[in-house]
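S.K.: Below you'll find the structure I mean.
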Amino acid sequence: MITIIAGTNRRDSMTLKMANIYHRIISAHAEDVHLLSLENRQVWERGPAMLALESQYLIPATKFLFVMPEYNASFPGILKLMMDNSDVKKCWWYKKAALVGLSDGRAGNLRGLEHMTAILNYLKVNVLYNKMLLSKIGEEVDAGGNILKPVTEKLIHTQVEEFLNF
């Protein structure tokens, strides 16, 4: 199973739009692909909502694709809270992940992806070397969730192919 995680709880985010794009592309090539949006999720404590999320999206997954916006030169705290409140051994150990960073600026959340890579490596997750950095996201994806640049679409398809073969 593959779980795509839209790593913010903001409503109507570009992160969720991009996660939906990845979901559509990956689902065309693989079965059992799920999208986890952190919007309206109670992940700040290890309660019934977190346990349900964990059993549905995290424990059964063998691969994760994280789509993360840049928040203060890193990634959103809600994503870290979800990871911190999960059963680390069951959810993360010896699994694989790919990373996608979004920003309004020029770096495509490079620092956040490097920060997440260090955390995932600590959690014994193997991270795909091909990290997607999407800068000036408003010029890459429109309000309807469509990719605006053919070169970006090609790069995404390349990353997805490598992720599926990873």
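The values are calculated or read from the model by the stated rules, or taken from the named source; none is laboratory data. The structure displayed is predicted, hence computed values, not measured ones. Don't worry about glycine lacking a Cβ; one is built from the backbone with ideal geometry, like all the others, and counts go over all protein chains shown.
S.K.: Among the residues of the range 93-104, is there at least one that is closer than 22 Å to R10 by Cα, modelled with pLDDT of 95 or more, surrounded by fewer than 17 Cβ atoms within 10 Å (Cβ to Cβ) and not hydrophobic (A, V, I, L, M, F, W, C)?
M.R.: no
S.K.: Shifting gears a bit: Taking the range 11-56 on its own, how many of its residues are on the phi < 0 side of the Ramachandran plot, outside any helix (DSSP H, G or I) and without any contact (Cβ under 8 Å) to a residue 60 or more places away in the chain?
M.R.: Total satisfying the criteria: 18.
S.K.: So which of R46, R11, R24 is out of contact with any helix residue (DSSP H, G or I) (no Cβ under 7 Å at 6 or more places or on another chain), at pLDDT 95 or above and farther than 19 Å from R111 by Cβ?
M.R.: R24
S.K.: Also: In the range 106-137, what residues are among the hydroxyl-bearing types (S, T, Y) and either surrounded by fewer than 16 Cβ atoms within 10 Å (Cβ to Cβ) or more than 19 Å from K80 (Cα to Cα) (or both)? Talk me through it step by step, then tell me what you get.
M.R.: In the first step, residues of the range 106-137 are kept if they are among the hydroxyl-bearing types (S, T, Y); the result is 117, 122, 129, 135.
Once the filter is applied, which keeps residues that are among the hydroxyl-bearing types (S, T, Y) and either surrounded by fewer than 16 Cβ atoms within 10 Å (Cβ to Cβ) or more than 19 Å from K80 (Cα to Cα) (or both), the range 106-137 yields Y122, Y129, S135.
S.K.: Also: Specify which of the listed residues (K149, K131, K136) is of a type outside the set (G, A, S), closer than 24 Å to T3 by Cβ and out of contact with any Gly (no Cβ under 6 Å at 6 or more places or on another chain).
M.R.: K131
S.K.: For the structure I just gave you, tell me whether I26 is out of contact with any His (no Cβ under 8 Å at 6 or more places or on another chain), over 21 Å from G138 (Cα atoms) and not hydroxyl-bearing (S, T, Y). Step through it out loud before you land on a result.
M.R.: Working: out of contact with any His (no Cβ under 8 Å at 6 or more places or on another chain): yes; over 21 Å from G138 (Cα atoms): yes; not hydroxyl-bearing (S, T, Y): yes.
It is true that I26 is out of contact with any His (no Cβ under 8 Å at 6 or more places or on another chain), over 21 Å from G138 (Cα atoms) and not hydroxyl-bearing (S, T, Y).
S.K.: Those residues that are over 17 Å from G101 (Cβ atoms), among the hydrophobic types (A, V, I, L, M, F, W, C) and out of contact with any Lys or Arg (no Cβ under 7 Å at 6 or more places or on another chain), I need them from the range 1-24; list them, please.
M.R.: M1
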